[in-house]
Amino acid sequence: MSDTTEATDDLWSRVPPRALLLGVMLLSGLIYLPTLTFDLVYDDHWTILANGFLRSPDDLGLLLGPQAHARHVPDAFRPTLVMFDMVSLQLLGVEPWRHHAVSVLLHVSVVGLLAAWLRGLGAPARVWSSTAALFGVMAIHAEPVSVVSFHEDLLAAGFGLAALVVADAAARRQRGWSTVGLGVLAAGLMMLAAGAKLSAVTVVGFWFAARWLAPWGRRLRWRDVVGGLGLTMGAVLVVVHRFSIHGGASPYGSDDPRLVLLHAGPAATLARSAQIHLSYLQQMVLPFGLSPEYVAPPAHWSSAATLAAAGSLVLLLGLGLAAAWRRRAPVLALAVVGAVGLALPTSNLWPMPNLRADRFMYLPSIAVALGVAVALVELGRRWTPRWGTPAALAPLVVMLILQGALAQGAATAFRSDTRLWDTALRRAPGSARAHAVRGQLFITRLGDDPSPDPKILNRATTHCLIAQRLAPEQALPWMCGARLAASQRDWEGAYTMFERARGRGLFREDRVLAALAQLSLDRPDRPHAARMAAARDFANRATTTYPYSALAHATSARIHHRLGDAAVARELYARARKLRPERWDVVLAGVELELDLGHASAARAALAAHEDLLEAADPAQRDHVRRRLHDAEQLWAPAR
């Protein structure tokens, strides 16, 4: 070992390993501490808040079979994620900061497990600490850490790395039941990782590559068979389970218009994927161009961008394979081969709803962080003879500052839904989804005002029309148009657009069925009997098809309430409150049902039971119900 290497190592050896690890983990947590002030955004609303399955722990066993998928439980094909969210919601409630705190803790745990695994492989302090620190502050992680509904990426990486740590521990134990127990534990952790996100199965290959290349001397030996077998069996069992339920690795239907691979063909999709993955590499090393939304249409293999991207990736992979074959530069080989292997599930070789997203790189960035961190440390080591020992840390510190600052900047895009989709439109003005969602946010601001603000109305209309022009084959643009038409009491136009959304593979059809139920009852151009029959039909289909949708049950309750089906409405209101207890509007609607039936005492009891919840209710609606209750009690009060 050279004198400069010894001097560089001495910088890390001055700090106890536990203190060094604690510092790295604190740094990773502090970067994302501002996210505790963020709202719930993106898919948080329907995968967590509106997901009644999370309030039904008695039905947890459904995740092991096809019933959860058949009942449209959000993310049913990720049982680990659903179980984790169920426990989190039961313990933490719906306060956003608590769930964001969980995201930060998960990320910090992944950082700690990465450091533990590298230490177990024999990596020196300068390697495992710099790699963990760089991974912890990488700006490309802003999306999965800031959005609560993306816990699957954090869980997959956390359980996956924990499985690798346990597999290595099994090799260090003497033969006996303890070794077998660790192998079983590794299998269980691997199942949890793949159950959070199936792409976690690639960490098994990463483990074998690390033990075979042995960059720090821990080579693959016969005593590793227990840990390796445990990892492999855990991954295989999850894949078999996925195939038994969905008939394949992908849970998405072949008629889903979001699946570009099925509609554009593999050649055009993979051409774009080559460009995407080179861009991923750039964003992991120099984190510029990060965005909450991307437009990634199919490409052609004849384009210069595709050829340059594919050539660069092939050259990089060739260098990694050559280093692995010759057993030279094993860290470089592990970083390159590992990054390619971990990114394989995002290569668009099989159908995916999104061609790209920053969160897809959370797991592959482990290998990239290793390669970049070691390169920065080596660069600092070469600067040491000229600039002195402190210069050894300069390249790494500069990269940590750059990544951390841009990570905090990228995370601010997820502060609220309005900010998220405004940022998405600036970064990707050609995104139909961004226009459709932003249009619906404007429609929400319109409310039920018969004379809405013309500026807001014009903005909503413009976004909906642009979305329909950009992607007429998608469902969201027509949902935007339908909601806009309904807000303007254009019943025929709303009905037509809702049906168009249904015919374009809308992922959450309970929204359309609930809207059509209300719309059918409100349409003045249909006979009364036909309106009643259609409303009942749509309402019943919504609750039957989506038994865990609070929206479907609340809407169906209102429909039956208006139609005079008091017993059915009362039961549906109770079910809606169970599926989403924080909905104050359902409580007020249930109180009004009792008042309509002349049950003033029952209405008073229902109101008193949810007094704390009603503090967040709309003041006008709350005061209206209280006045009705007061009048009813005065009317039926016994004569003195």
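Would you check which residues across region 187-214 are touching a Gly at 6+ places or on another chain (Cβ under 6 Å) and within 21 Å of L64 (Cβ to Cβ) and list them?
Residues satisfying the conditions are A187, M190, M191, A193, A200.
Filter region 332-358 for residues that are surrounded by 21 or more Cβ atoms within 10 Å (Cβ to Cβ) and assigned to a helix (DSSP H, G or I) and give the result.
A333, L334, A335, V336, V337, G338, A339, L342, A343, T346, D358
Being among the acidic types (D, E) and either assigned to a helix (DSSP H, G or I) or over 40 Å from the mean Cα position of the chain (by Cα) (or both) is the filter here, so list the residues in region 576-632 that pass it.
Just the residues of region 576-632 that are among the acidic types (D, E), to begin with: 582, 585, 592, 594, 596, 611-612, 615, 618, 623, 631.
D585, E592, E594, D596, E615, D623, D631, listed by residue number.
Which ones in region 328-365 are of a type in the set (K, R) and in contact (Cβ under 8 Å) with a residue 60 or more places away in the chain? First the steps, then the outcome.
Filtering region 328-365 down to residues of a type in the set (K, R) leaves 328, 356, 359.
Answer for region 328-365, where residues must be of a type in the set (K, R) and in contact (Cβ under 8 Å) with a residue 60 or more places away in the chain: R356, R359.
Which of the residues belonging to region 515-532 are more than 19 Å from A554 (Cβ to Cβ) and touching a helix residue (DSSP H, G or I) at 6+ places or on another chain (Cβ under 6 Å)?
Across region 515-532, the qualifying residues are R523, R531.
Just for region 63-76: of the residues that are open to solvent by 30 Å² or more (accessible area, probe 1.4 Å) and in contact (Cβ under 8 Å) with a residue 12 or more places away in the chain, which one is farthest from A550 (Cα to Cα)?
Across region 63-76, the extreme among qualifying residues is L64.
Please go through region 458-506 and give me each residue that is β-branched (V, I, T) and closer than 20 Å to V295 by Cα, ordered by number.
Just the residues of region 458-506 that are β-branched (V, I, T), to begin with: 461-462, 466, 496.
Hits for region 458-506 are T462, I466.
Starting from region 217-240, take each residue that is modelled with pLDDT under 90 and list its partners that are hydroxyl-bearing (S, T, Y) and surrounded by 15 or more Cβ atoms within 10 Å (Cβ to Cβ), counting only C-beta distances under 8 angstrom and pairs at least six apart or across chains.
Every condition considered, the pairs that remain are V226/T179.
Tell me which of these S431 doesn't satisfy, since it passes every other one: (1) of a type in the set (S, T, N, Q); (2) under 20 Å from A296 (Cα atoms); (3) free of Cβ contacts under 8 Å to residues at least 12 places away in the same chain.
Against the list (1) of a type in the set (S, T, N, Q); (2) under 20 Å from A296 (Cα atoms); (3) free of Cβ contacts under 8 Å to residues at least 12 places away in the same chain, S431 comes up short only on (3).
Quick one: is L400 buried (at least 21 other Cβ atoms within 10 Å of the Cβ) and in a helix (DSSP H, G or I)?
When the stated conditions are applied, L400 passes them.
Given the criterion under 30 Å from Q90 (Cα atoms), among the aliphatic types (A, V, I, L, M) and open to solvent by 10 Å² or more (accessible area, probe 1.4 Å), identify the matching residue among V587, V591, V568.
When all the criteria are applied, what remains is V568.
Within region 94-137, how many residues are outside any helix (DSSP H, G or I) and either more than 23 Å from V41 (Cβ to Cβ) or without any contact (Cβ under 8 Å) to a residue 40 or more places away in the chain (or both)?
The qualifying residues number 5.
Does region 284-294 contain any residue that is in a helix (DSSP H, G or I), farther than 14 Å from M361 by Cβ and not hydrophobic (A, V, I, L, M, F, W, C)?
No, region 284-294 has no match at all.
Please verify whether V295 is under 22 Å from M352 (Cβ atoms), among the β-branched types (V, I, T) and open to solvent by 30 Å² or more (accessible area, probe 1.4 Å), treating the condition exactly as stated. It would help to see each step written out before you state the result.
Values: under 22 Å from M352 (Cβ atoms): yes; among the β-branched types (V, I, T): yes; open to solvent by 30 Å² or more (accessible area, probe 1.4 Å): yes.
Criteria met by V295.
Return the residues of region 320-346 that are within 20 Å of L278 (Cβ to Cβ) and of a type in the set (V, I, T); say none if nothing qualifies.
Across region 320-346, the qualifying residues are V336, V337, V340, T346.
Filter region 503-520 for residues that are modelled with pLDDT of 85 or more and of a type outside the set (S, T, Y) and give the result.
E509, D510, R511, V512, L513, A514, A515, L516, A517, Q518, L519 - these are the residues of region 503-520 that are modelled with pLDDT of 85 or more and of a type outside the set (S, T, Y).
So which of A542, A603, A535 ends up being free of Cβ contacts under 8 Å to residues at least 40 places away in the same chain, hydrophobic (A, V, I, L, M, F, W, C) and more than 25 Å from P477 (Cα to Cα)?
Answer to the selection: A603.
With (1) under 30 Å from L62 (Cα atoms); (2) modelled with pLDDT of 85 or more as the list, and A209 as the residue in question, which single condition is left unmet?
(1)
Identify, from the list T423, T418, T384, the residue that is open to solvent by 40 Å² or more (accessible area, probe 1.4 Å) and part of a helix (DSSP H, G or I).
Every option except T418 fails the conditions.
If D168 satisfies every condition in (1) under 20 Å from L334 (Cβ atoms); (2) at pLDDT 95 or above; (3) of a type in the set (D, E) but one, which is the exception?
Looking at each condition in turn, D168 falls short on (2).
Confirm whether S303 is farther than 30 Å from A501 by Cα and hydroxyl-bearing (S, T, Y).
Working: farther than 30 Å from A501 by Cα: yes; hydroxyl-bearing (S, T, Y): yes.
So S303 passes the test.
Criterion first (open to solvent by less than 60 Å² (accessible area, probe 1.4 Å) and assigned to a helix (DSSP H, G or I)) does V314 satisfy it?
no
Only one of these is closer than 18 Å to A304 by Cα, touching a helix residue (DSSP H, G or I) at 6+ places or on another chain (Cβ under 7 Å) and either open to solvent by less than 20 Å² (accessible area, probe 1.4 Å) or part of a helix (DSSP H, G or I) (or both): A274, A267. Name it. If you could, list the steps in order and put the result at the bottom.
Values: A267 fails: touching a helix residue (DSSP H, G or I) at 6+ places or on another chain (Cβ under 7 Å).
Result: A274 is the single residue among A274, A267 that is closer than 18 Å to A304 by Cα, touching a helix residue (DSSP H, G or I) at 6+ places or on another chain (Cβ under 7 Å) and either open to solvent by less than 20 Å² (accessible area, probe 1.4 Å) or part of a helix (DSSP H, G or I) (or both).
The values are calculated or read from the model by the stated rules, or taken from the named source; none is laboratory data. Quantities reported herein were computed from a predicted structural model and do not represent experimental measurements. Virtual Cβ from ideal backbone geometry, glycine too; neighbours counted across all protein chains shown. Ligands, DNA and RNA are stripped out before the accessible areas are found, and what is left, the full protein with its side chains, is counted by its heavy atoms. Shrake-Rupley method; radii C 1.70, N 1.55, O 1.52, S 1.80 Å.
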